[in-house]
Amino acid sequence: MMDVAQLLAKYQEGEREFPLADLRRVDLRGADLRDINLHRANLSGADLSGANLTGANLRRAILIEAKLSEANLSHADLRRASLDYAQMQKANLSSTNLMWATLNEADLSEANLQHGSLQRAVLKRANLSHCQLQSVDLISADLSGANLTAANLTQAHLNLAELNQAIFQNTTMPDGSLR
């Protein structure tokens, strides 16, 4: 298992490749890790609150119960990542690829997901209240029981999305209407 000091030292030296790293429960709050490769890394329970992960490769990473509140994950690759129960309040996920990711019961309240892809993602009982979801690809996503209260879904693509028992109070829908 790599410790935080080793990771940050190698990153400062210019190393960006850390695939399969075991970083469970590490404290990386506020760390600047732009363009890092953490493909298939285990970050379960890690605290990445306020971290800068712009352009990071987190494909198939395990981020179950991770803390990512106010983190910058714009343009990151999170395809097939496991983010169940993750705390992602106010996170910047604009233009992020979350295809096939699992975000069951994740808290994404007030997050920015504009222009991202959540195609075939599973967001059962996720909290997406007050989210910016403009122009998001939610094709075939599972939003069963998700809370979309006051979310903005203007120009979002919801074709074949599962919306059973989702909450749409004061939600701006793709056609501009409020539900």
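The values are calculated or read from the model by the stated rules, or taken from the named source; none is laboratory data. The structure displayed is predicted, hence computed values, not measured ones. Using ideal geometry, Cβ is built from the backbone for each residue, glycine included, and neighbour counts are taken over all protein chains shown. Side chains included, ligands, DNA and RNA excluded: accessible areas come from the protein's heavy atoms. Shrake-Rupley method; radii C 1.70, N 1.55, O 1.52, S 1.80 Å.
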Next on the checklist: Let me confirm something: among Leu163, Leu108, Leu103, which residue is modelled with pLDDT of 95 or more and farther than 21 Å from Ala66 by Cβ?
Outcome noted: Leu163
Item to check | Subset of the range 59-90 [closer than 12 Å to Ser44 by Cα and not in a loop (DSSP other than H, G, I, E, B)] | outcome: Ile62, Lys67, Ser82, Gln87
Checklist entry - Taking Ala141, is it under 20 Å from Ala21 (Cα atoms), open to solvent by less than 10 Å² (accessible area, probe 1.4 Å) and either at pLDDT 95 or above or more than 12 Å from the chain's Cα centre (by Cα) (or both)? => result no
Item to check | Residue match in the range 40-51 (condition: under 26 Å from Ser109 (Cα atoms), without any contact (Cβ under 8 Å) to a residue 60 or more places away in the chain and in contact with a Pro (Cβ under 9 Å, 6 or more places away or on another chain)) | outcome: yes
Checklist outcome for this item: The number of residues in the range 14-49 that are out of contact with any Ser or Thr (no Cβ under 7 Å at 6 or more places or on another chain), of a type outside the set (Phe, Trp, Tyr), in a loop (DSSP other than H, G, I, E, B) and open to solvent by less than 40 Å² (accessible area, probe 1.4 Å) is 14
